[in-house]
Amino acid sequence: MNSDSGCPCNHVEWKHEPLKRYRCVDCIESVLRCKDCLLRNHESNPFHTVEHWTGKYFEKTSLYDLGLVLHPGHSLSLPCLAPSKLQAFTVIDINCIYRTTICFCRCSRAIPDHYQLLHARLYPATVTAPQTAATFRFLEFFQMLSFMSKVSATEYYSALERMMDNTGTDIPKSRSHEVLRMIREWRHLRVLKRSGVRYDGVDDNASGVLAVKCPACPHAGINIPTNWWKDPQKIWLNKAFFALDANFWLTRFNVSNEERDLALNKGRAYMVDDCLLQQHIATFQGHWPPEKSDCSDHDAVKLANCRGDHNLATTGLALTTCARHNSIHAHSGVDLRLGEEYILMDYSLLSSIKNFPNLPITISYDIMCQYSKKLYQRIASYPPILHTPTPFPRYQLLVPKFHLAAHKQDCVWSFSYNYAMGIGRTDGEGVERNWSTQNALSGSTKKMGPGSRRDTLDDHFGDHNWRKTISLATLIYHKSLEAAKMRPKMVTAYQDTSEGLDESTKECWRTMVTEWEQDLDRKKQNPYEPKVREYTLNQIRLELAREDEELIRTDLAAQAVSSRITRTQLISQGLELEEQQLRLPIASRRPNNLRRKINAFTEVQALHMPVTVIIRQQQQQIPHKAAQATYDLPLLLPSEVLLLGSSCDPILLDYEWRLRYGAAHDALEQMRKHLLSRNAVLGWKLRYGHGVREGNHSQNDVDQLTSKILACAARYQIHFKMIQHFSERLGKVNWSKSLKPLRGEDIRSILRGKDGDPSGEGYVISSWIWNTSGVDHTDEENIAECLRISWCKARSRALRWQEDCILLQEEMRRVKEFFQSSQREWEYRAENTLDPGQQAYAYRQAGIRERMRAFCIQKWQGLDELLARGPGGFSLNKKHEFVC
Ligand SMILES: [Zn+2]
Ligand SMILES: [Zn+2]
Ligand SMILES: [Zn+2]
Ligand SMILES: [Zn+2]
Ligand SMILES: [Zn+2]
């Protein structure tokens, strides 16, 4: 009989008994069955949704309404001889909630009820008389989903409720409390299992024992040799990188309290133990009051001085991450109460450093210039629990690369990753990147009790670290390819810069720069810093930002329109867009992207300069103006508005003038730099460029540099035109001493004679552009300084890439060793346990480490040699002879 006419069991014919038709919507077969067959078929798939034919349509019903009973520990073919009486039982599965019927086993082989459930892969909501359970696959799936999408358990549970009944006529009794509890326990049990704390020889209470370690970072006794400190040349290789930051998204409302909602992880993973933290706060509160910043007005510092929100128990989170591999350091999460209080930031930093005893340490923080002032005094005042045993009493202190632009010039020299030794190409921005993924967690954690929140954050941070671990093979692979490409270029560029210089000069600069590098307090004379320095765009931006702030404070009208963007920001942005427009016809990349930016710009511009709305409308009337190319779109900066005959706020014009003044100086400086580089390449070409290939190669370099030089000149011309045109109206004087009309013949290198003839001795200047001092004559000291800075920068670039190559080789070694070590560790656990389940789990973990190591070896084949090849390259085993 085919299923169109009856049930495959041949006992029921549909034409006689049409209402006995049932179907399962979860099974892959789309066959109608009778009730008995349906139940028999679902004995091992008890969580399927089934439907019954009413004569008119298929109506949802349930296997349990039809008589299915869950029999943990038994099957239909092997029923329990002494079952408990039937009871109602709720099961939460991955896509639905099931109201089931269960009978527990009470025969001679009976184990406690909750174990019976666990054996059936059902997680009980409680151990005594359970009435609710979640399937393992639900818990596993939700955990993964929450890692990836940050959905909250409540949201997910609501979805399940609606999957069960979306009509409001059959609402199931809420089990959300049970679900939240089970998820929390599940997260905790999984982290315990993965960390191996239940095996012999694992210290259950060690700080950070539940955290996932970064395999590429140095860990004593795991992946660095015991006598790593013996070779002074290689000490820097064992540096641990710390990036400190605070996040003000991860807040928590004032609900529940520490007594009612204890954390299960108790400071053994990423969040520190609250009890110890509170003691620290109680002891040191008010000891180190916030100080006024002497750098630019950083948001963070401002927040430290402001008051917290009364509804919030926690206003944010301080966290320390690995600045090189972006994993989160164990034992570093500290709840903030106000802004970035130093005593709490210290606590985060020092608690995490403790896991890297005796290693050299690099720390970056976006307000390091302020934070570092009394750092060592504060550390000295803390109890021994926060002291790290270290033979390196000084830390290397830095500011993340992209944050540095907002600092005053002194900070740029002192805290830059570019000029710090033994850093490689690290940028310290990892924290920010981490936040962008963790911020989404704020929605689900801000209404949690303190303990739940900490445990949940711990679990997410653990997953974050594991994802970093599994992506290391690829990350290091790509970094290595880039480093192998860039290092020879940078080393050659440095050698070229050195070429024409006499030995004594180089020796003098070398001494100067190495002395400065070795002085961690940065008190020695800075070789990168010009003694006489004109205004730069950055300085002017900072200056204007301060004035703007002052204005906004006193001017209500300005306050209203400045909510999205301040006036100086607007003009700055306009100038940036103008620059991008200039570049566009040459590069012709992403015109739509720029168009979008310009559109956004015109929107906010309308707030500060309403007149531009009218001008734009008028321009739209003119046909050829309406359809302009992106690089021609009018930005209507104040000067342009005035030239068009409309009026404009003189303050805005003044802002534009000053920003252009700085930008003109920047363009000149860029141009001088490119001219020096081009000279070096030309010299190199003259000396060695005999072969066709090398000839072409260096010709490309020359062409590229030439076009950059011309681009700088074009930028300069635009700024200069406006500066000159409006200087009288704005009453500006003295500017013409350093800025002059730029003619073609002014664009020359500093060497004598024709451009590119390196035979010239001394420095004879033919162009005013080399006159950087602002004094109206050229002087030798100035040129020497220019050369020195250029040489020092070329040197530090070459060094950073060289270091990166060496670090990458070392990291590859460390990762492989780390996996091997943890494979051995799991094997040891497997061999030393009598529990077969624990043993199998340990062997599986060992197997995973073995596979990961093999994957790395295969992925990194040939990289060691690649990193050691070419000018400036060498392998780790050889002596460290850097270019310097
Ligand atoms: Zn049948
Ligand atoms: Zn089914
Ligand atoms: Zn039984
Ligand atoms: Zn790391
Ligand atoms: Zn600063």
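Before moving on, here are some points about what is shown:
- Compactness relative to 2.2 N^0.38 Å, alpha carbon Rg of region 228-480: 0.99
- Hull volume in cubic angstrom per residue (convex hull over the Cα atoms of region 87-195): 103
- The translational diffusion coefficient of the chain, from Stokes-Einstein at 37 °C and 0.692 mPa s with a Kirkwood hydrodynamic radius over alpha carbon pairs, comes to 100 µm²/s.
- Sorting 655, 382 by the number of Cβ atoms found within 10 Å of their own Cβ, with the fewest placed first, yields 382, 655.
- Most positive-pole-ward Cα, 702, 183, 570, against dipole of the chain from beta carbon charges: 183
- Beta bridges per DSSP with both ends in the chain, % antiparallel, nearest 5: 70
- Mean residue ellipticity, 222 nm, helices only, the chain: the sum of -39500 (n - 2.57) across DSSP H runs of n ≥ 4, divided by residue count and rounded to 500, is -16000 deg cm²/dmol.
- Placing unit charges on the Cβ atoms only, positive for Lys and Arg and negative for Asp and Glu, gives region 228-480 a dipole magnitude near 580 debye about its Cα centre.
- Per-residue packing, averaged as other Cβ atoms within 10 Å, sorts the ranges 98-109, 218-229, 710-721 into the order 710-721, 98-109, 218-229, beginning with the highest.
- Sequence-distant contacts, meaning Cα pairs under 8 Å at least 6 residues apart, place the relative contact order of region 410-528 at 24 percent.
- Greater than 22 Å apart at Cα, pairs in 234/816; 173/193; 374/408; 373/408: 173/193
- Electrostatic dipole magnitude of the chain [Cβ: Lys, Arg +1; Asp, Glu -1; Cα centre; debye, to 20]: 1420
- Candidates 438, 842, 630 compared by Cα position along the dipole of the chain: farthest toward the positive end lies 842, with charges placed on Cβ.
- Structural descriptor for the chain: relative contact order 10 percent, calculated from alpha carbon pairs under 8 angstrom and at least 6 residues apart.
- All lysines inside 28 Å of residue 15 as judged from Cα atoms, apart from same-chain residues fewer than 8 positions distant: 35, 56, 60
- Residues in region 25-67 reached by a label modelled at residue 137 [backbone nitrogen below 13 Å; 7 Å Cα→Cβ]: 26-28, 44-49
- When each of the peptides 479-490, 53-64 is scored by how many other beta carbons lie within 10 Å of its residues on average, the order from highest to lowest is 479-490, 53-64.
Bear in mind these aren't lab numbers, they're just calculated from the coordinates by the rules spelled out. Please read these numbers as outputs of a predicted model, since none were measured by experiment. A quick note on method: Cβ atoms are made from the backbone with ideal geometry, for glycine too, and the neighbour counts reach across all protein chains shown.
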